[in-house]
Amino acid sequence: MKIAGTNVVFVPQERAYEMLQDPGILASCMPGCESLEKIAENEYAMKMKMVVAAVSGQFAGTVRIADPEPPGKFRLIVEGSGKIGFVKGSGVLTLTPNESGTEVAYDGEVNIGGTIASVGQRLIDTTARMLIKRFFAKLNGETARVAAD
Amino acid sequence: MIPAPFDYSAPATLEEALKLAGDGSSKILAGGMSLIPLMKLRLASPESVIDLGRIPGLNQITESGGAIRIGAMATHHAVEGSPLIRGKLPLLAETAGQIGDIQVRNMGTLGGSIAHADPAADYPAALVALEARIHLRSTGGERAVEASEFFLDAFTTAMEPGEIVTGVEIAAEAPSEGYKYEKVPHPASGFPVVGVAVRLSRSGGKITLARVGVTGMSSHAFRARNAEQVLVSGGNIAAAAGVVGEGIDANSDLYASADYRLHLARVHAARALTAALSRAS
């Protein structure tokens, strides 16, 4: 499944780039993220608990940052699996300064498999978009909090 | 197909159920048409389940002061067949009759569908078009939320942890009103790929009231207020249907792409509006 879209983060481009690679910030903004630990340069081990409607499941996996071109672009590679299925994705995030801060465009391919995919096909796209929206909403909440400190 | 172990309780009163549900960690079981399959596939593994099925009175359908009150545990079949709803809320009865299949309609409930908030559930299209008020109770008290402010995102509603949907309250449709629910059922699941619920009133040659509810097209059911506006300011059906879904991210899956869904929503909005107009007197 392809996912692409844009969201605005209300901070300058350099700051947005830093934030999107800060494990502490990412962990607090990713829906359901329980832990994110650095295991190598640009590589993190992640545990998350996905809760959408009645569906819930734990996932464990890795998040990797590749081809970094600060402050404008990097590739995010995510792999995870759990009892209810697995997810593998890779996408490029492009950061462009604009009048309200930074526009973050994402463009990638996500593959979801296992039980969740075989019975939830109808809902994967909607759910993925909802989770991305939540992530950026939280990220913007975080920037407001940092700005207030 | 065997669920993970869970605690089960079947309280005899709503008060008891509210107390059990208080911390929001349990799942509420109504008709079980979504929760039970998810549990059997172990996509859902709640530690405890509170069954509302033994609480008397939660499925009542009553009328007072021009408004119809439908209990959360009323099944789709009961809504479809209730003489009161057929007479005073025909749009809702028509919608209920098109949900899933007869087995689902016999077990599934209005409150369950509302609380689950599947982006492609049938009811929400009619509920937003009817401006239904959704009644919620918790140990802290009772409140009501208007349907178009209740469905916030996919599976996401305005409900707080510990709240239970107790029913909906809907003002009776005017007898002169035209109505229609038009859906494109997914061939496997019966869920609407898109569904459009419409109410229209006319006076002379003009449309005086228009309500258009859309489900299945995006992350949650919504009112196509722009299309309603076109109709009441004298625009024709084609013009109104043409703006349905404008500016809204459409869902896509293996069966229907986002563009196709938007196209379907508009075609079926036009059909529903035409049918509703012919029913209006």
Computed about the Cα centre, the charge dipole of region A:2-148 from +1 Lys/Arg and -1 Asp/Glu charges at the Cβ has a magnitude in debye, to the nearest 20, of 640 debye
Toy charge model, Lys and Arg Cβ at +1, Asp and Glu Cβ at -1: region B:178-279 dipole around Cα centroid in debye, rounded to 20, equals 520 debye
Per the Debye formula with a single identical scatterer at each Cα and no solvent contribution, what log10 I(q)/I(0) holds for region B:24-100 at q = 0.11, 0.18, 0.23, 0.24 Å⁻¹?
-> -0.38, -0.81, -1.03, -1.07
Among the aspartates and glutamates, which fall within straight-line cross-link reach of A:K2, defined as a Cα-Cα distance under 13 Å, with same-chain neighbours fewer than 8 residues apart omitted?
-> A:D107, A:E109, A:D125, B:D253
Principal axis dimensions, largest first and in whole angstrom, of chain A by Cα = 43, 32, 30
When the Debye formula is applied to the Cα atoms of the protein assembly as shown, each taken as the same point scatterer, what base-10 log of I(q)/I(0) results at q = 0.10 Å⁻¹?
-> -0.76
Around B:H186, which amide H atoms from residues at least 5 apart in sequence, or from another chain, sit under 5 Å from its own amide H, with H modelled in the peptide plane?
-> B:F191, B:V193
Over region B:119-220, volume per residue of the alpha carbon convex hull, in Å³ | 111 Å³
Specify whether the C-alpha gyration tensor of region B:225-278 places it in the rounded, prolate or oblate class, a ≥ b ≥ c being the square roots of the eigenvalues: rounded for a/c under 1.5, otherwise prolate if a/b is larger than b/c and oblate if not.
-> oblate
With respect to the cross-link table entries A:K49/B:K183; A:K88/B:K183; B:K19/B:K40; A:K49/B:K19; A:K38/A:K83, which display a Cα-Cα separation exceeding 29 Å?
-> A:K49/B:K183; A:K88/B:K183
Classify region B:17-174: rounded, prolate or oblate, from the alpha-carbon gyration tensor (a ≥ b ≥ c, eigenvalue square roots; a/c under 1.5 rounded; otherwise prolate if a/b is larger than b/c)?
-> prolate
Scan chain B and report its longest stretch carrying no GluC sites (Glu not before Pro) that are both in a DSSP loop and have at most 12 other Cβ atoms within 10 Å.
-> B:48-245
Sort out for me the Cα centre separation of region B:169-215 from region B:216-281, rounded to whole Å.
-> 10 Å
Please report how far the C-alpha centroid of region B:81-135 lies from that of region B:4-53, rounded to the nearest whole angstrom.
-> 21 Å
Report the relative contact order of chain A, percent, no decimals, based on alpha-carbon pairs under 8 angstrom and at least 6 residues apart.
-> 27 percent
Which whole-number percent gives the relative contact order of chain B, counting Cα pairs below 8 Å spaced six or more residues apart?
-> 16 percent
Honestly chain B on the Cα gyration tensor test (a ≥ b ≥ c root eigenvalues; a/c under 1.5 rounded, otherwise a/b vs b/c for prolate or oblate) is just prolate
Hey, got the dipole for the protein assembly as shown? About the Cα centre, +1 on K and R Cβ, -1 on D and E Cβ, debye to the nearest 20?
-> 1140 debye
Between Rg and the Kirkwood Rh of region B:178-279, both from Cα atoms, what is the Rg to Rh ratio?
-> 0.98
Contact order relative to length of region B:175-238, as percent, for alpha carbon pairs under 8 angstrom and 6 or more apart | 23 percent
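Every read-out reported here was derived from the displayed coordinates using simple, explicitly stated rules and does not represent laboratory data. Since this is a predicted model, take the numbers as computed values, not measurements. Glycine gets a Cβ as well: all are built from the backbone with ideal geometry, and neighbour counts include every protein chain shown.
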